[in-house]
Amino acid sequence: MITGILVCLALAAAPQDDAKLVESLRRRIVEQSKEKSPAAMKPYRDVLPGTDLVVDMAPIPGGAFTMGSPENEAGRKPDEGPQHKVTLEPFWMSRYEVTWDLYRLFQFSKAEGKDPDADAVSHPTRPYVEMSFGMGINGYPAISMTHHAANKFAQWLSARTGHFYRLPTEAEWEYACRAGGAQQSLEESAWFSANSNGKYQKAGARKPNSWGLYDMLGNVMEWTLDQYEPYPAGPVKSPWVKSAQPYPHAVRGGAWNDGPDKLRCSARVASDASWKMQDPQLPKSIWYHTDALWLGFRLVRPLHVPSVVEMNSYWNNGVEVDP
C-alpha cells in the first residue's frame with residue numbers, strides 16, 4: 001500500500017504538459033520578438049514586470065567551432081572526445097548565472113493573477129532546508145535545483161518577460177565559454193578552490209570573457225539542456241541530446257570548490273542521483289539537489305522562436321521523477 005501511495009505522489013508531483021498554455025505563451029513571445037536577423041541582435045536587459053529585477057543578455061554570434069579537447073590538453077578526461085565540428089545558430093546568453101534574487105521570486109511567489117501564463121507554470125515545493133546553506137542570497141548564484149526545476153524556471157521567466165528562454169545545449173555552452181579565443185587567467189576570471197574562501201561568491205565579481213559572460217568557469221557549475229552521452233564522431237549542426245532518463249544530464253564549468261583541471265571549457269560532469277542523498281522525502285523531490293551546493297545555471301534565448309512542440313520539449317522533458 002505504501003509503495004502505491006508513493007507512486008501516486010510521484011505522479012501527482014510530475015508536471016503535466018499543457019499544450020494550450022504553451023501555445024498561448026508562444027503567441028505572446030512571437031508578438032514581442034522583434035529581432036528577425038543576426039544583425040538585429042543587440043545586448044538587452046529584460047525587466048521583470050512589477051519588480052526591479054533584470055535578466056542581462058549578451059548576443060552570441062552563430063558559427064562553427066571544434067567541440068571537445070585535444071588528447072594532449074592538461075586535465076583532459078576521455079569523455080571530452082572525440083573532437084568534432086559543431087555549427088550553431090546565433091543566440092543570446094545571460095551574462096550572469098541565475099541569482100537567488102530571481103530564483104526565489106519563482107520559488108516562493110506568483111504574479112498574483114496579473115500574469116495567468118506565469119501563474120500556471122508549476123512552482124517548486126517549499127524547501128525543507130535553507131537552500132543557500134549560509135553562503136549568501138542577494139546577488140549570489142542560486143544553487144541545488146534539479147534539471148527539472150531549472151527548465152520550469154525558464155518557462156516561468158518566459159511567461160513573465162514575453163521572451164523565450166531555456167537552458168543552453170552543451171554545445172552552446174562550450175561555444176559561449178570559448179568565446180572565439182583563448183581562455184582567460186583563472187585568477188582574474190573565476191572563483192575556484194584557490195580563491196573562493198570555501199563558498200560561492202557574488203555573480204559577476206570577476207572579469208567576463210570576451211563575449212561579456214561572467215563566471216562561465218568557476219563559482220557554480222551550470223546545467224545544460226542535454227542528456228549526458230558520448231560525443232558523435234563527425235560534424236553536427238545545432239546538436240541537442242534529448243532527455244530520456246532522469247540521470248545523467250550534462251553539467252559544465254567547474255565550481256568554487258574545484259581545482260583548475262575542472263575549470264576548462266571542455267570539461268564535462270554527469271549529474272547523479274547521489275546529489276539528492278540527504279533528501280529525506282520519499283519519493284525524492286523533483287525540485288531540489290540538496291547535496292549539490294555547487295550547482296546552478298544560466299539561460300539562453302535563440303534568435304528564432306521555436307514551435308509549440310519544441311517549447312514544450314524544452315520545458316517538460318518528462319524524466320523528472322527519480323526511478
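Computed values, structure above
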{"item": "Within straight-line cross-link reach of residue 36, lysines at Cα separation under 24 Å, skipping those fewer than 8 residues along the same chain", "result": "237"}
{"item": "Cleavage-rule hits, trypsin sites (Lys or Arg not before Pro), segment 229-323, DSSP coil, Cβ neighbours within 10 Å at most 16", "result": "242"}
{"item": "Gap separating the Cα centres of segment 241-263 and segment 129-204, nearest whole Å", "result": "12 Å"}
{"item": "Distant-in-sequence amide H partners of residue 145 (H built 1.01 Å from N, under 5 Å)", "result": "289"}
{"item": "Additional length obtainable on full extension of the chain from residue 305 to residue 245, 0.36 nm per residue less Cα span", "result": "19.0 nm"}
{"item": "Cross-link pairs beyond the 21 Å C-alpha cut-off, checked among 199/262; 42/242; 152/242", "result": "42/242"}
{"item": "Spin-label pair residue 321/residue 282, simplified geometry with 7 Å Cα→Cβ offset, distance in nm", "result": "1.7 nm"}
{"item": "Rough spin-label spacing in nm, given labels placed 7 Å along Cα→Cβ, for residue 34 and residue 238", "result": "2.4 nm"}
{"item": "Residue-wise HN-Hα coupling along segment 294-300, computed from phi with Karplus coefficients 6.51, -1.76, 1.60 (Hz; x: Gly, Pro)", "result": "10, 10, x, 6, 9, 10, 10"}
{"item": "Label-point gap, in nm, between residue 185 and residue 83 - each point 7 angstrom along Cα→Cβ", "result": "2.6 nm"}
{"item": "For residue 225, distant residues with modelled amide H under 5 Å away", "result": "169, 170"}
{"item": "Interchain or long-range residues, amide H under 5 Å from residue 44's placed H", "result": "57"}
{"item": "Prolate/oblate/rounded call for segment 14-57, Cα gyration tensor, a/c under 1.5 rounded", "result": "oblate"}
{"item": "Sparse-neighbour loop sites [trypsin sites (Lys or Arg not before Pro); segment 22-53; at most 13 other C-beta within 10 Å; DSSP]", "result": "34, 36"}
{"item": "Rg over Rh [alpha-carbon atoms, Kirkwood Rh] for segment 197-323", "result": "0.97"}
{"item": "Karplus-derived 3J(HN,Hα), 6.51/-1.76/1.60, for each residue of segment 127-144, Hz, glycine and proline x", "result": "x, 9, 9, 6, 7, 8, 6, x, 8, x, 10, 5, x, 9, x, 5, 9, 6"}
{"item": "For the chain, size of Cβ-based charge dipole, Lys and Arg +1, Asp and Glu -1, in debye", "result": "560 debye"}
{"item": "Theoretical gain in end-to-end length, residue 19 to residue 229 [0.36 nm per residue, Cα-Cα removed]", "result": "72.7 nm"}
{"item": "Once the Cα gyration tensor of segment 2-315 is diagonalised, semi-axes √(5λ) in Å", "result": "28, 24, 20"}
{"item": "Relative contact order (percent, whole number), the chain, Cα cutoff 8 Å, 6+ residue spacing", "result": "25 percent"}
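None of the figures in this text is laboratory data; all of them are computed from the coordinates on show. A quick note: this is a predicted structure, and the numbers were derived from the prediction, not measured. Every residue, glycine among them, receives a Cβ derived from its backbone with ideal geometry; neighbour counts consider all protein chains shown.
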